[in-house]
Structures are given as structure tokens and as C-alpha cells.
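**Student:** If you scroll down you'll find the structure; I have some questions about it.
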Amino acid sequence: MNTSAVTLVMAREPLPAGGPSVFLAGPTLDKRTPVPSWRPEAVRLLTGQRTGPKLLTALSPESRHGERAERYEHQVDWETRAREGASAILFWIPRDVKVLPGFTTNVESGLDAPSGRAVLGAPDDCPSPERNRYLI
């Protein structure tokens with residue numbers, strides 16, 4: 001595994017000026033729900049599969065150390081800029097309407113689908129697969 005092949009930039013941290021990047025789009029857990037984040041595993045998988053001479057930047061809308069944005073608009077603005085500048089936007093939607101509904105993700109996927117940079121992951125074995133049919 002090449003551990004230097006992927007670097008992680010988290011919510012509201014400075015965005016890279018160039019180079020390949022992937023935005024990790026999908027539902028973000030709420031602290032009130034006991035569901036672990038899927039993003040660390042995504043970064044691990046990207047790191048394990050990454051080849052090529054350039055560093056890949058993974059852009060996560062989750063906050064480092066769980067620190068929330070001072071204002072909601074700061075989070076939304078960062079996410080919008082990160083998605084706009086990303087080489088690819090990976091949508092992972094393990095739909096579970098009780099703990100990971102992904103309602104904001106629905107809007108983002110609709111906005112980003114025409115970009116040609118969106119990739120959809122929607123597992124058949126998720127708790128609410130019928131809610132992903134329209135995305136697929």
C-alpha cells in the first residue's frame with residue numbers, strides 16, 4: 001500500500017490549488033446516530049488502489065475532530081467549492097432513511113450528475129435500496 005498516494009482535506013480546510021482530487025459525497029452522520037463514518041474506509045480503499053505519479057487529494061465534508069462550522073453557510077460554501085473543483089465526485093449512498101437518509105446528497109447528486117465527474121455507488125444490500133432506484 002502506498003500511504004503517501006492520497007492526502008485528506010477535511011471540511012473548511014484550504015482546498016488544493018491543483019492536482020487530481022475526489023470529493024467524497026454522500027450522507028454524513030449525525031452525532032445523535034450511532035453509525036460510524038464510511039469515509040475513512042473510502043480513503044483507505046483509495047490509498048490501496050491509487051497508482052500514478054501525482055498525489056490524489058480526498059476531499060471530505062466531515063470536520064476534523066468533529067468541529068462544526070461556526071455558521072452552516074460556511075460548511076455549504078466549502079462543500080460547493082470543493083465539489084466544483086474536484087476531478088471526480090464519488091457518491092456513496094448506503095441509503096438508510098432512519099440513520100443516513102442522504103436528503104442533501106439527493107440535491108448534490110442532481111446538481112453534479114451532468115458534470116461528467118460524478119460516480120455513483122449505491123449498494124443493493126443497503127437498508128432502503130428502493131430509495132436509490134431513481135438515482136441508479
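**Student:** Could you put 56, 120, 90 in order of accessible surface area, largest first, with the 1.4 Å probe and the full protein assembly present? Show your work: numbers first, answer last.
**Tutor:** On the way: 56 20, 120 80, 90 50 Å².
So the residues, ranked largest to smallest area, are 120, 90, 56.
**Student:** Pick out, from 102, 121, 90, the residue whose Cα sits farthest towards the positive end of the charge dipole of the stretch 75-130, with +1 on the Cβ of Lys and Arg and -1 on the Cβ of Asp and Glu.
**Tutor:** Result: 90, furthest along the dipole toward the positive end.
**Student:** Compute the length gained on full extension between residue 87 and residue 130: take 0.36 nm times their separation in residues and subtract their Cα-Cα distance, giving the result in nm to one decimal. Numbers along the way, then the final one.
**Tutor:** Working: separation 43, 0.36 × 43 = 15.48 nm, distance 2.93 nm.
Taking 0.36 nm per residue and subtracting the Cα distance, the gain is 12.5 nm.
**Student:** Moving to a separate point now. What is the gain in length, in nm to one decimal, between residue 32 and residue 7 on full extension, counting 0.36 nm per residue of separation less the C-alpha to C-alpha distance?
**Tutor:** On the way: separation 25, 0.36 × 25 = 9.00 nm, distance 2.84 nm.
Here the segment from residue 32 to residue 7 would lengthen by 6.2 nm.
**Student:** Same structure again: Taking 7 Å along the Cα-to-C-beta vector as the label spot, tell me the residue 44-residue 99 distance in nanometres, rounded to one decimal.
**Tutor:** Computed distance between label sites residue 44 and residue 99 equals 1.7 nm.
**Student:** Between residue 113 and residue 65, what FRET efficiency comes out of the Förster formula 1/(1 + (r/R0)^6) with R0 = 35 Å and r the beta carbon distance, rounded to 0.05?
**Tutor:** Working: r = 32 Å, r/R0 = 0.92.
Once the sixth-power term is evaluated, E becomes 0.60.
**Student:** Also, I was wondering about something else. With the full set of protein chains in place, find how many percent of the accessible area of the chain is carbon and sulfur; take the probe as 1.4 Å.
**Tutor:** The value for the chain is 55 percent carbon and sulfur by accessible area.
**Student:** Here is a further query. Rolling a 1.4 angstrom probe over the protein heavy atoms, how many square angstrom per residue are accessible across the chain? Spell out each step's value before the answer.
**Tutor:** Values: 8330 Å² over 136 residues.
Result: 61 Å² of accessible area for each residue.
The values are calculated or read from the model by the stated rules, or taken from the named source; none is laboratory data. Quick caveat, the model's predicted, so the values are computed rather than measured. Cβ sites come from the backbone with ideal geometry, for glycine too, and all protein chains shown count toward neighbours. All accessible areas refer to the heavy atoms of the entire protein, side chains included, with ligands and DNA or RNA removed. Shrake-Rupley method; radii C 1.70, N 1.55, O 1.52, S 1.80 Å.
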